[in-house]
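**Q** There's a structure below that I have some questions on.
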Amino acid sequence: MSTATTHGHAHDHHDDHHGPAKGLMRWVTTTNHKDIGTLYLVFALVMLFVGGAMALIIRLELFQPGLQFVNPDFFNQMTTMHALIMVFGMIMPAFVGFANWMIPMMIGAPDMALPRLNNWSFWILPFASGILVSTLFMDGGGPAGGWTLYPPLVLQTGNAFPFAIFAVHLLGMSSIMGAINIIVTIMNMRAPGMTLLKMPLFVWTWLITAYLLIGAMPVLAGGVTMLLTDQFFGTSFFSAAGGGDPVLFQHIFWFFGHPEVYIIILPAFGIVSQIIPTFSRKPLFGYDSMVYATASIGFLSYIVWAHHMFTVGMPLAGMMFFMLSTMLIAIPTGVKVFNWLSTMWRGSLTFETPMLFAIGFLFLFTIGGFSGLMLAITPADFQYHDTYFVVAHFHYVLVPGALFGALGGAYYWLPKWTGHMYDETLGKVHFWMSAIFVNVTFFPQHFLGLAGMPRRIPDYATQFADWNMVSSIGAFGFGFAQLLFVYVVIKCVRGGKPATAEVWDNPEGLEWTVPSPAPYHTFDEAPVIK
Amino acid sequence: MPHPNPTTPSPAPRRATLASALALPALLLAGLPARADWSLLNMPVGVTPVSREVYDLHMLILWICTIIAVATFGAMAYALVAFRKSKGAVADTNMTHSTAAEIIWTVIPVVILVFMAFQAAPALIRIEDTRNSEMTIKITGYQWKWEYEYLNEGVSLFSSLAADSNAARRKNAGIDPRSVENYLLEVDEPLVVPAGVKIRYLITANDVLHAWWVPDFAVKRDAIPGYVNEGWFQVDEPGIYRGQCAELCGKDHGFMPVVVKVVPKAEFDAWLAARKAPAAVAAAN
């Protein structure tokens, strides 16, 4: 596509009204990548608190042994919904929001390639999430069989069952459309001279993520559709009594589920790869290896899925294969960590809030990586599997991993989005509270799991009481710390020290060549990259 | 279960070393609960050949990760201190890539992983070897209890949560869980097995997925309707060992414990004969 000509034309056409429409309809009808990016980010922030409230109900019940606040069935609804909301309603939309805002600005494009699709893929989300949350009020309650939706248990869900499946379909559709838009944009709308290996790493990680989404989400859609027909149309895909196989669903789910893990973390890798060079005042070390490592992780993510299922009774050869392939993931992940470290090496470091979150990410994500390596060792996994050790592991990669990536990215680009500097002091307080409480919450869960506490239980034997109490205290601290983030964002949107175009100290990237706040339309004339 | 039962030998000294190593960051981060119990920080060594093997692998990979972590985090910490702009550090912008470095930090992890694979793979083969077992027990998971069948003996029993735990676990029951002995880890009738015998178990489920787990045996295997999975354990030390269902199975998932009572062979034979007698009487009638 010849970007320059097309957009020269568009520019003439819209000369008379540059700004957005006013009022509510601006947000409903918008096709502007910045507006849609904002919608995604605000939506994700709201869902962070919805999913977070559910997490706090879980931690409240687990504060001490015995059942004080909720019944076991509602507890299971909370664990199930917390995961579904956080994965599909919070962290994935958050990163699509970053993609919308930043990819066009980073590659010198005026907008996303498919603006109406963009609008649709966002507006599906509130309805899908609304349906999902509404299942809590239906007869029989919300889905309570875990976010993995394993049959036969999930088929015991009440009236909520078809609604939950439909919501998962819609959320998946939204993700697939977002992914298509991102691929088409990156492949066709780069400014002249922006070759693939000149793209910022955030763009690269999102390109690979988008391919993972297109590969994985339809598999999930197929799996849940088979659940639906098993329940309502007399099929027996997953029912042993009818000649089906309950384990087949687990294979389908994790064939989606493992790429999903990288769908969540790769954009965070990308954001961290933008932040660390800026505050080290040095280019990203080993850019090419970073790209290749990301691609390797993407490939490996498709051949490791059954490490989530070591206890289902696989053949020995199957366990061997999935143990060894899973261990391989440590290699490209290690390459990334060492390259980030080398980027800081002999740099000139300053510690603004985005950098603090990136460094927090670097340390704490790596801890999650280590426990991941431990979980890969099949015989040891027989002990770790379905205990709090697993809960600790994936929360370390998702919270101080993916979520810290998103929070760091928000601080990094907030001045570009709003035109104001955020409150640095409050930002730092937010970081330190988050970093301390996230460890208080999740580190003791390693101990609980190793000592024998299964996951997904509403009540526990009394020897687990102490660390559960510590973990619950941490969870409430972490939750309240995020309210501070909301305050910082609102304060920054309302005003603050005006931000310069560059915002930071000589950062690299096209987004820093446009004024802050970024004008409603950027790069009407494609920039030329040398 | 995690609390070593009275007959279990006390944990090896290396376990205490690890416990303190693990506890240190926790101390700094969280403050230690008043009644700290070191055995609650790490995996139990357990009482079966498999569990000792699993424990050793766990400790090996934990130490490998710890050593890598010390090196990596040490380098990061050094960078954060040494290359601060406020201390006058100037960025070396020519330092952008190094093929040699990339090769080094690819090859070293490969070597470590190959070493680890050679440790784990033979252990896995031994763990999966159910041959030469002397008796077979069939375990069936139900919502929410276990059934144990002594195959070819005509003896079977159901095992569900003990009455005192069941009363105390109700919402706002008004009973302090700490006043109930082995809260949530006690059953009405335990599985009874002989000591020093290789026992093969077959496991399936009647309704939804369950998983049978005894940490001291390091066995965890899913119970799946339509499947019969198998595994084995051999306990030389008589005692009572506790575990729980480890696969979400509905509202009372947290309330279907596993209790295994390991008794000397002679005692087991007597117990089995006694169990058979009423069954034989019932059959005669």
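The values are calculated or read from the model by the stated rules, or taken from the named source; none is laboratory data. For clarity, every value in this text was computed on a predicted model and none was experimentally measured. Here the Cβ is made from the backbone with ideal geometry for all residues, glycine too, and neighbour counts use every protein chain on show.
**Q** Looking at this structure, is B:A91 surrounded by 12 or more Cβ atoms within 10 Å (Cβ to Cβ), part of a loop (DSSP other than H, G, I, E, B) and among the aliphatic types (A, V, I, L, M)? So that I can check it myself, show each step before the final result.
**A** Numbers: surrounded by 12 or more Cβ atoms within 10 Å (Cβ to Cβ): yes; part of a loop (DSSP other than H, G, I, E, B): yes; among the aliphatic types (A, V, I, L, M): yes.
Considered against the rule, which asks whether it is surrounded by 12 or more Cβ atoms within 10 Å (Cβ to Cβ), part of a loop (DSSP other than H, G, I, E, B) and among the aliphatic types (A, V, I, L, M), B:A91 comes out as yes.
**Q** State which residue pairs qualify: first residue touching a residue at least 40 places away in the same chain (Cβ under 8 Å) and inside region A:247-261, second residue buried (at least 20 other Cβ atoms within 10 Å of the Cβ) and of a type in the set (S, T, Y) in any location, beta carbons under 8 Å apart, and separation of 6 or more residues or different chains.
**A** A:F249/A:Y150; A:Q250/A:Y150; A:F253/A:Y150; A:H258/A:S301; A:P259/A:S301; A:V261/A:S301
**Q** So the check is Cβ under 9 Å with 6+ separation or different chains; which pairs have a first residue in region B:251-275 that's touching a residue at least 60 places away in the same chain (Cβ under 8 Å) and a second one that's crowded, with 19+ Cβ neighbours inside 10 Å and among the acidic types (D, E)?
**A** Close Cβ pairs satisfying both conditions: B:H253/B:E247; B:G254/A:D459; B:F255/A:D459; B:P257/B:E186; B:V259/B:E186; B:V260/B:D216.
**Q** Another question about this same structure. If you check B:K265, B:K220, which single one turns out to be out of contact with any Lys or Arg (no Cβ under 6 Å at 6 or more places or on another chain), more than 12 Å from chain A (Cβ to nearest Cβ) and within 26 Å of B:G154 (Cα to Cα)? Spell out how you get there, then give the answer.
**A** Working: B:K220 fails: more than 12 Å from chain A (Cβ to nearest Cβ).
B:K265 is the lone residue from the list that is out of contact with any Lys or Arg (no Cβ under 6 Å at 6 or more places or on another chain), more than 12 Å from chain A (Cβ to nearest Cβ) and within 26 Å of B:G154 (Cα to Cα).
**Q** Now for a different question. Select from region B:237-260 the residues that are out of contact with any helix residue (DSSP H, G or I) (no Cβ under 9 Å at 6 or more places or on another chain) and part of a loop (DSSP other than H, G, I, E, B) and write down the one among them that is nearest to the other protein chains (Cβ to nearest Cβ). Don't jump to the end; show me each part of the working.
**A** Within region B:237-260, the subset out of contact with any helix residue (DSSP H, G or I) (no Cβ under 9 Å at 6 or more places or on another chain) is B:237, B:240, B:256, B:258-259.
From what's left, part of a loop (DSSP other than H, G, I, E, B): B:237, B:256.
Details: B:E237: 18, B:M256: 10 Å.
Looking at residues that are out of contact with any helix residue (DSSP H, G or I) (no Cβ under 9 Å at 6 or more places or on another chain) and part of a loop (DSSP other than H, G, I, E, B), I get B:M256.
**Q** Next question, about the same structure. Among the candidates A:A526, A:A465, A:A481, A:A518, single out the residue that is closer than 25 Å to B:R178 by Cβ and either crowded, with 16+ Cβ neighbours inside 10 Å or facing another protein chain (nearest Cβ under 10 Å) (or both).
**A** On the way: A:A526 fails: closer than 25 Å to B:R178 by Cβ; A:A481 fails: closer than 25 Å to B:R178 by Cβ; A:A518 fails: closer than 25 Å to B:R178 by Cβ.
Unique residue meeting the criteria: A:A465.
**Q** Output yes when any residue across region A:451-461 is among the β-branched types (V, I, T) and either out of contact with any helix residue (DSSP H, G or I) (no Cβ under 7 Å at 6 or more places or on another chain) or part of a helix (DSSP H, G or I) (or both), and no when none is.
**A** Restricting attention to region A:451-461, the residues satisfying the condition of being among the β-branched types (V, I, T) are A:457.
Those still in the list that are either out of contact with any helix residue (DSSP H, G or I) (no Cβ under 7 Å at 6 or more places or on another chain) or part of a helix (DSSP H, G or I) (or both) too: none.
No - not one qualifying residue is present in region A:451-461.
**Q** Just to be sure I understand, how many residues within region B:42-59 are in a loop (DSSP other than H, G, I, E, B) and under 9 Å from the mean Cα position of the chain (by Cα)? Walk me through how you get there before you give the answer.
**A** Of all residues in region B:42-59, those in a loop (DSSP other than H, G, I, E, B) come to B:42-48.
In the following step, the residues that additionally are under 9 Å from the mean Cα position of the chain (by Cα) were identified as B:43-44, B:46.
Qualifying residue count, region B:42-59: 3.
**Q** Pull up region A:233-264, narrow it to residues that are within 14 Å of another protein chain (Cβ to nearest Cβ), part of a loop (DSSP other than H, G, I, E, B) and out of contact with any Asp or Glu (no Cβ under 7 Å at 6 or more places or on another chain), then point me to the one that is farthest from A:I214 (Cα to Cα).
**A** That would be A:G243.
**Q** Take B:Y183 and tell me if it is in contact with a strand residue (DSSP E or B) (Cβ under 7 Å, 6 or more places away or on another chain) and hydroxyl-bearing (S, T, Y).
**A** Numbers: in contact with a strand residue (DSSP E or B) (Cβ under 7 Å, 6 or more places away or on another chain): no; hydroxyl-bearing (S, T, Y): yes.
In short, no.
**Q** Given (1) at the interface with chain A (Cβ under 8 Å from one of its Cβ atoms); (2) free of Cβ contacts under 8 Å to residues at least 24 places away in the same chain; (3) more than 30 Å from A:Y292 (Cα to Cα), identify the lone condition not met by B:A123.
**A** (2)
**Q** Those residues that are in a loop (DSSP other than H, G, I, E, B) and either over 25 Å from the mean Cα position of the chain (by Cα) or not hydrophobic (A, V, I, L, M, F, W, C) (or both), I need them from region A:190-201; list them, please. Don't jump to the end; show me each part of the working.
**A** Filtering region A:190-201 for residues in a loop (DSSP other than H, G, I, E, B) gives A:190-195, A:199-200.
Result: A:R190, A:A191, A:P192, A:G193, A:M194, A:T195, A:P200.
**Q** Moving to a separate point now. With A:A402, A:A358, A:A392 as the choices, which residue is surrounded by 24 or more Cβ atoms within 10 Å (Cβ to Cβ), assigned to a helix (DSSP H, G or I) and touching a Phe, Trp or Tyr at 6+ places or on another chain (Cβ under 7 Å)? Walk me through it before giving the result.
**A** Working: A:A402 fails: touching a Phe, Trp or Tyr at 6+ places or on another chain (Cβ under 7 Å); A:A358 fails: touching a Phe, Trp or Tyr at 6+ places or on another chain (Cβ under 7 Å).
Going through A:A402, A:A358, A:A392 in turn, just one is surrounded by 24 or more Cβ atoms within 10 Å (Cβ to Cβ), assigned to a helix (DSSP H, G or I) and touching a Phe, Trp or Tyr at 6+ places or on another chain (Cβ under 7 Å): A:A392.
**Q** Within region A:288-320, restricting attention to residues that are within 11 Å of chain B (Cβ to nearest Cβ) and outside any helix (DSSP H, G or I), which residue is surrounded by the fewest Cβ atoms within 10 Å (Cβ to Cβ)?
**A** A:P315
**Q** I would also like to ask the following. Being surrounded by fewer than 18 Cβ atoms within 10 Å (Cβ to Cβ), at pLDDT 95 or above and within 7 Å of another protein chain (Cβ to nearest Cβ) is true for just one of B:F83, B:F73. Which residue is that? Even if it seems obvious, please write down each step before you answer.
**A** On the way: B:F83 fails: surrounded by fewer than 18 Cβ atoms within 10 Å (Cβ to Cβ).
Criteria check complete, one pass: B:F73.
**Q** Within the set of pairs 6+ apart or on separate chains, which have a first residue in region A:321-338 that is more than 9 Å from chain B (Cβ to nearest Cβ), a second that is outside any helix (DSSP H, G or I), and C-beta atoms under 7 Å apart?
**A** A:F322/A:V304; A:S325/A:I303; A:S325/A:V304; A:T326/A:V304; A:I329/A:V304
One line per residue, one yes/no per condition, for (1) out of contact with any Cys (no Cβ under 9 Å at 6 or more places or on another chain); (2) under 19 Å from A:G52 (Cβ atoms); (3) within 14 Å of another protein chain (Cβ to nearest Cβ); (4) of a type in the set (S, T, N, Q):
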position: A:T387; (1), (2), (3), (4): yes, no, yes, yes
position: A:G405; (1), (2), (3), (4): yes, yes, no, no
position: A:A410; (1), (2), (3), (4): yes, yes, no, no
position: A:W413; (1), (2), (3), (4): yes, no, no, no
position: A:T425; (1), (2), (3), (4): yes, no, no, yes
position: A:K428; (1), (2), (3), (4): yes, no, no, no
position: A:S434; (1), (2), (3), (4): yes, yes, yes, yes
position: A:F437; (1), (2), (3), (4): yes, yes, yes, no
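**Q** A further question on this structure: So, in region B:215-244, of the ones that are under 12 Å from A:H385 (Cα atoms) and among the hydrophobic types (A, V, I, L, M, F, W, C), which residue ends up surrounded by the most Cβ atoms within 10 Å (Cβ to Cβ)? First the steps, then the outcome.
**A** Let us first name the residues in region B:215-244 that are under 12 Å from A:H385 (Cα atoms), namely B:215, B:218-222.
Now restrict to residues that are among the hydrophobic types (A, V, I, L, M, F, W, C): B:218-219.
Working: B:A218: 28, B:V219: 26.
Only one residue tops the list, namely B:A218.
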